[in-house]
Every structure is written in C-alpha cells, then in structure tokens.
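One structure is given here, and the rest of the page talks about it.
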Amino acid sequence: MIESILTYLAPGWAVTHAAPLLVVVPMITATLLVFVPSGRLAWLASILASLASLFFALVLLGLVQADTATWTALSTAGVETNLTEPGLVSYALGGWMPPAGIEFRVDALNAMILLLVAFIGVLASIFSWPTVNAEVRSEKQNLFYAAYLVCLAGLAGVAITGDAFNLFVFLEISSISTYVLVALGAGRDRRALPAAFNYLVMGTIGATFYVIGVGFLFAATGTLNMADYTVMLPELAGNRAVQAGFAFIIIGLGLKAAMWPLHQWLPNAYAYAPSFVTTFLAATATKVALYALIRFLFTVFSPAYSFEMASFEWLIAPLAIAAMVACSFQAVFQTDVRRTLAYSSVAQVGYMLLGVSLATALGVSAGLLHLVNHALMKGGLFMAVAGVVLTYQGTTLRDFAGLGRSAPWTMTAFAICALSLIGVPLTAGFQSKIMLLQAAFDSGWWWAACVIVFSSVLAVIYMGRILEAVFFKAPENPRKVRKEAPMLLLIPLWVMALANLWIGLDASFPYGLAQSAADAVIGAGGGQ
C-alpha cells in the first residue's frame with residue numbers, strides 16, 4: 001500500500017517536498033481561516049488540511065520503508081526523494097545545508113509519530129463540528145479551527161525537525177495555540193480559564209527548562225543540529241555543561257509529556273477544555289512530547305553515558321512506577337469521567353516511560369506500541385464522552401447511568417476502548433501490556449512487571465465503575481430518552497474502537513512500526 005502511494009498516487013513534487021508540506025499546509029490554511037466568515041467552511045478546510053497532512057505523512061513513511069524496487073521506480077521517473085541513506089530522509093530548508101541551516105529529518109521513529117498525529121487529526125477534524133458548534137460561539141469558530149491547525153502544524157514540526165532550537169520553536173507554536181484552545185472552553189465551563197492559565201504557566205516553565213538545556217549543549221558543541229550532537233557528545237560525556245543540559249532537557253520535556261509529578265496541568269486542562277480539544281490533545285500532545293524525550297535520550301545522548309543510565313534507573317523508572325500507581329489510585333476516586341480519564345492518561349504515560357527506561361530495543365518497542373495504542377483508546381474514550389456532553393450535558397458518573405440503553409452505539413464503542421485501556425485480551429491494550437511485561441522480565445525487572453499487573457487491576461476498578469454505571473444502573477432521570485451522538489461523531493468514534501479490536505487481533509502493523517522505530521534509535525540487536 002505504501003509503495004503504491006509513492007509510485008502511483010503521489011506526484012513527484014509531493015514526494016520531493018513531503019517533509020515541509022506536512023507542516024506548511026496546515027499552517028497556511030490556519031492563516032487563511034482567520035478571514036473565513038463561516039465556521040462550517042473553516043471546519044471543512046480543517047478536514048482538507050488534515051487529510052493533506054495525513055497524505056504527506058504516508059509518503060514520508062513510504063520513503064523511510066522504501067525497498068530497492070520503489071527507489072528504482074522513483075529514480076527512473078526523475079523524482080528527488082531526499083533519501084541520504086536507506087531509511088533516512090533529510091530536507092534542507094531554504095537551501096541552507098545542515099548543520100548551518102535547519103533540517104527536517106525523518107527516520108522510522110518520527111515517521112510513525114507523524115502518521116499517528118496526522119491520522120488522529122483527520123478523525124478529530126471530522127468529529128469536531130457538532131461539539132464545536134455547540135460549545136464555541138459562532139463568531140469564534142473560524143478562529144478556533146485556525147488555532148487547531150496551528151497546533152497540528154506545531155506538533156508535526158516538533159516530530160519532524162532535526163534542529164534542537166527549531167524543536168523549541170515548534171513546541172511553543174503548538175503550546176500557545178493549545179492554551180487558546182483550552183481557554184475557549186470557558187463558553188461551557190468558566191473553569192477552563194484558570195485551567196488554561198495553569199497550563200500556560202507550567203508549559204512556559206517546561207519550555208524554559210528545555211531551551212536552557214539546549215543553550216548548555218550549544219555552549220559545549222557550537223551547534224544546534226541533533227545529528228551533529230550524536231557525533232560530538234560522545235567525546236564530551238564528562239563535560240559538566242553537557243550533563244547540565246541533559247538534566248534541563250529531561251525536566252522540560254518531562255513536564256510537556258506529563259511525567260509524574262510534573263503533570264499537574266493536565267487533569268484540569270482535559271476536564272474543562274472543549275470536547276474536541278480534549279480528544280485531540282489526549283491522543284497527540286503528550287505523545288509528541290514523549291517522542292522528543294526519546295529522541296534526546298537515544299539519539300542526541302546515549303544509554304552508554306553513565307549519567308543517562310543513572311537517570312533511567314533512579315529517575316525515569318521510579319517516576320514511571322509512581323505515575324502508574326498514584327494516578328491510577330487518583331482515577332479510582334474521581335466522580336467526573338473526564339477527570340478519571342485524565343488521571344488515567346498520566347498513569348499510561350508511566351507505562352510508556354517504563355518501557356523507555358529499560359533502554360532495550362524490546363522495551364522501547366513496547367513503550368512505543370503502547371504510545372500508539374493509548375492514542376487510539378484514549379481518543380475513542382474522549383470522543384464518546386464528547387457525545388455524552390453533546391446529547392446529555394453531563395460528565396459525572398450519575399450522568400452516565402443508564403446510557404447503555406439510551407445511547408447503545410456510543411457506549412458500546414466506549415466500552416471497547418475502556419476494555420482496551422484495562423488490557424483485556426483481544427484488544428490493543430492487551431498487546432502492548434504483554435509486550436511490556438515481556439520486556440520487564442527479560443531485563444530482570446520482575447518488580448516492574450508486578451506493578452504493571454497491579455496498575456491494570458486499578459484500571460479494572462476505575463473503568464469498571466464507569467461501565468457499571470453505563471450498563472447496569474438505571475438512569476437518574478427516568479425521562480432520559482434514547483438519543484445517540486450525531487453520525488459525524490459516531491463514525492470516527494467507531495474507527496477508533498475498531499482499530500483497538502484490529503490491533504488486538506493482529507498487531508503486526510503497529511508492532512512493525514514500533515520495532516523499526518526502536519531499531520532506528522537503538523540499532524538492531526541493541527536489546528532483546
């Protein structure tokens with residue numbers, strides 16, 4: 001399929017310039033939407049821009065995975081692929097060659113992340129109109145979609161850039177637009193304003209820590225290119241500036257990724273933002289920040305450095321374990337479904353960080369597979385909650401009581417994603433949790449495997465409470481009538497739900513992406 005897109009469907013200019021177009025198309029569309037008077041037209045434009053980004057993400061994935069026959073066909077057609085070596089696309093912006101100029105650099109790791117972000121962006125765009133029309137004032141809807149596309153472009157930029165300072169720029173582009181998107185939830189709940197302010201303060205602190213860390217690395221190396229860092233830093237492993245830069249970058253990106261206990265911005269931001277914003281951010285924002293963290297841990301720096309291995313054993317792994325337990329306990333005691341899912345997200349970030357902290361190919365693969373699966377399961381859960389907010393105007397357990405009878409299609413999809421979050425067999429969550437258990441046992445971390453099982457039991461409790469209310473309790477309001485979410489919401493919701501079942505039955509595609517991504521940053525055979 002990917003080879004067909006490259007050789008038959010993608011025009012030559014798209015293959016050559018896919019890397020910048022993935023970012024430029026949504027950015028330019030966002031600028032144009034400022035002048036569009038109609039919210040509905042802005043919605044349609046956001047779908048088209050998201051589809052374009054998905055197409056370019058598929059092209060880049062195809063280039064990274066291209067075999068000899070595909071290269072030959074493209075070369076025969078006179079198409080410039082920007083492949084500097086097998087599995088690596090390098091695009092120099094503005095004609096300035098790296099390291100002097102900014103480089104967009106794509107390998108198996110960020111090709112997977114770009115595909116995930118673009119795919120979620122398309123589904124989120126399609127489902128957005130009913131919720132945005134209900135929660136955002138009509139005169140601001142075009143600006144809302146403009147901010148969304150700026151956020152999409154920023155997240156894609158973080159994932160695709162090969163320049164450490166340019167990553168900071170895109171991180172801020174995505175963050176600033178996100179603050180605006182969260183604040184626009186004040187039309188439904190005024191608590192969105194302090195949530196957005198708290199997010200802004202914490203996000204600014206995280207970005208400041210990151211850019212200070214990059215400053216230390218620049219002082220030690222004289223470059224901002226991440227490929228250059230890979231070559232230079234092994235000779236400077238004992239340099240205090242490099243070690244300080246490492247510490248600042250890990251804290252800054254850890255805050256952006258909602259690493260416990262730097263997650264305090266996340267619960268309120270997810271609970272009070274517009275439904276569409278919560279869905280999109282839960283499935284993409286922390287995933288992109290986690291990608292940036294993995295990029296620095298395994299490409300810029302290396303597990304071979306003693307200070308990095310110490311951080312895996314004494315910082316990242318303990319904090320991942322703490323997140324899995326503490327935030328799962330917090331989720332158990334929530335009465336608002338969106339806050340339950342928000343604390344669950346922090347716990348699931350702990351699963352991903354645990355896989356990364358193993359510093360093996362299998363561990364990183366397991367963490368990346370869970371990253372993909374969590375995007376699908378949590379995106380589906382928040383889409384279903386958006387349908388409930390739209391049709392029944394409530395997010396508490398009492399509001400969910402009896403919805404299995406009054407909204408069976410919405411709640412069945414919710415149940416599938418909830419079972420996947422728990423890790424029930426034949427779902428996506430089961431596949432990645434089993435892989436995490438295997439990676440933990442292979443590394444001798446039997447205690448970590450016990451925590452994975454214990455955290456999953458807690459997930460049974462907090463998701464079980466919701467499912468019990470949905471399917472086994474009578475509605476608090478006996479006059480609650482049968483009312484499904486709109487079809488525009490149900491279609492992408494069921495795509496998410498079926499994706500969880502598909503991966504549960506056959507995880508070969510996402511597992512292949514995760515394994516290739518792990519090999520790209522660790523190297524084949526780097527771990528068992």
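The values are calculated or read from the model by the stated rules, or taken from the named source; none is laboratory data. These numbers come from a predicted model, not from an experiment. Note: ideal-geometry Cβ built from the backbone for every residue, glycine included; neighbour counts use all protein chains shown.
Hey, does the range 288-296 have a residue that's of a type outside the set (D, E, K, R), under 23 Å from residue 149 (Cα atoms) and either touching a Ser or Thr at 6+ places or on another chain (Cβ under 9 Å) or surrounded by fewer than 22 Cβ atoms within 10 Å (Cβ to Cβ) (or both)? Show your work before the answer.
Residues of the range 288-296 of a type outside the set (D, E, K, R): 288-294, 296.
Checking the rest, the ones that are also under 23 Å from residue 149 (Cα atoms) come to 288-292.
Then drop every residue that is not either touching a Ser or Thr at 6+ places or on another chain (Cβ under 9 Å) or surrounded by fewer than 22 Cβ atoms within 10 Å (Cβ to Cβ) (or both), which leaves 288.
Within the range 288-296 (the criterion being of a type outside the set (D, E, K, R), under 23 Å from residue 149 (Cα atoms) and either touching a Ser or Thr at 6+ places or on another chain (Cβ under 9 Å) or surrounded by fewer than 22 Cβ atoms within 10 Å (Cβ to Cβ) (or both)), the answer is yes, since at least one residue qualifies.
Scanning the range 298-321 for residues that are of a type in the set (Gly, Ala, Ser) and crowded, with 17+ Cβ neighbours inside 10 Å, which turns out farthest from residue 387 (Cα to Cα)? Please lay out each step first, then the result.
Residues of the range 298-321 of a type in the set (Gly, Ala, Ser): 302, 304, 306, 310-311, 317, 320.
Narrowing the set further to residues that are crowded, with 17+ Cβ neighbours inside 10 Å leaves 302, 311, 317, 320.
Values: 302: 44, 311: 42, 317: 36, 320: 32 Å.
Here the answer is 302.
Would you check which residues across the range 214-271 are at pLDDT below 85 and charged (D, E, K, R) and list them?
235
Please name all residue pairs, on different chains or six or more residues apart, with Cβ atoms under 9 Å, provided the first residue is in the range 324-344 and is in contact (Cβ under 8 Å) with a residue 60 or more places away in the chain and the second residue is basic (Lys, Arg) and surrounded by 24 or more Cβ atoms within 10 Å (Cβ to Cβ).
341/378; 344/378
Would you check if there is a residue in the range 450-457 being surrounded by fewer than 23 Cβ atoms within 10 Å (Cβ to Cβ) and outside any helix (DSSP H, G or I)?
no
Suppose we filter 262, 266, 233 for residues that are under 26 Å from residue 367 (Cα atoms) and buried (at least 24 other Cβ atoms within 10 Å of the Cβ); which single one remains? Even if it seems obvious, please write down each step before you answer.
Values: 262 fails: buried (at least 24 other Cβ atoms within 10 Å of the Cβ); 233 fails: buried (at least 24 other Cβ atoms within 10 Å of the Cβ).
Residue meeting the stated conditions: 266.
Just need a number here: residues in the range 376-403 that are within 24 Å of the chain's Cα centre (by Cα) and in a helix (DSSP H, G or I). Explain how you work it out, then say what you get.
Here is the first cut: in the range 376-403, the residues within 24 Å of the chain's Cα centre (by Cα) are 376-389, 395.
Remaining after also requiring in a helix (DSSP H, G or I): 376-389.
The number of residues fulfilling the criteria is 14.
Out of 138, 174, I need the residue that is of a type in the set (Gly, Ala, Ser) and touching a Cys at 6+ places or on another chain (Cβ under 8 Å). Which one? Step through it out loud before you land on a result.
Values: 138 fails: touching a Cys at 6+ places or on another chain (Cβ under 8 Å).
Within the list 138, 174, the selection yields 174.
Take residue 464 and tell me if it is under 25 Å from residue 320 (Cβ atoms) and not in a helix (DSSP H, G or I).
Values: under 25 Å from residue 320 (Cβ atoms): yes; not in a helix (DSSP H, G or I): no.
So residue 464 does not fit the description; no.
On the given criteria, is residue 255 within 16 Å of residue 175 (Cβ to Cβ), among the aliphatic types (A, V, I, L, M) and under 19 Å from the mean Cα position of the chain (by Cα)?
Working: within 16 Å of residue 175 (Cβ to Cβ): yes; among the aliphatic types (A, V, I, L, M): yes; under 19 Å from the mean Cα position of the chain (by Cα): yes.
Considered against the rule, which asks whether it is within 16 Å of residue 175 (Cβ to Cβ), among the aliphatic types (A, V, I, L, M) and under 19 Å from the mean Cα position of the chain (by Cα), residue 255 comes out as yes.
In the range 476-527, which residues are buried (at least 19 other Cβ atoms within 10 Å of the Cβ) and either among the β-branched types (Val, Ile, Thr) or modelled with pLDDT under 80 (or both)?
Within the range 476-527, 485, 495, 503, 521, 522, 527 qualify.
If you check residue 31 against the conditions, is it surrounded by fewer than 21 Cβ atoms within 10 Å (Cβ to Cβ), among the polar types (S, T, N, Q) and either modelled with pLDDT of 90 or more or within 23 Å of the chain's Cα centre (by Cα) (or both)? Walk me through it before giving the result.
On the way: surrounded by fewer than 21 Cβ atoms within 10 Å (Cβ to Cβ): yes; among the polar types (S, T, N, Q): yes; either modelled with pLDDT of 90 or more or within 23 Å of the chain's Cα centre (by Cα) (or both): yes.
So residue 31 fits the description; yes.
Among the candidates 107, 67, which residue alone is modelled with pLDDT of 75 or more, among the charged types (D, E, K, R) and more than 15 Å from residue 23 (Cβ to Cβ)? First the steps, then the outcome.
On the way: 67 fails: modelled with pLDDT of 75 or more.
Answer to the selection: 107.
Taking the conditions exactly as written (buried (at least 24 other Cβ atoms within 10 Å of the Cβ), modelled with pLDDT of 90 or more and not basic (Lys, Arg)), does residue 52 satisfy them or not? So that I can check it myself, show each step before the final result.
Working: buried (at least 24 other Cβ atoms within 10 Å of the Cβ): no; modelled with pLDDT of 90 or more: yes; not basic (Lys, Arg): yes.
Judged against the criteria, residue 52 is not a match.
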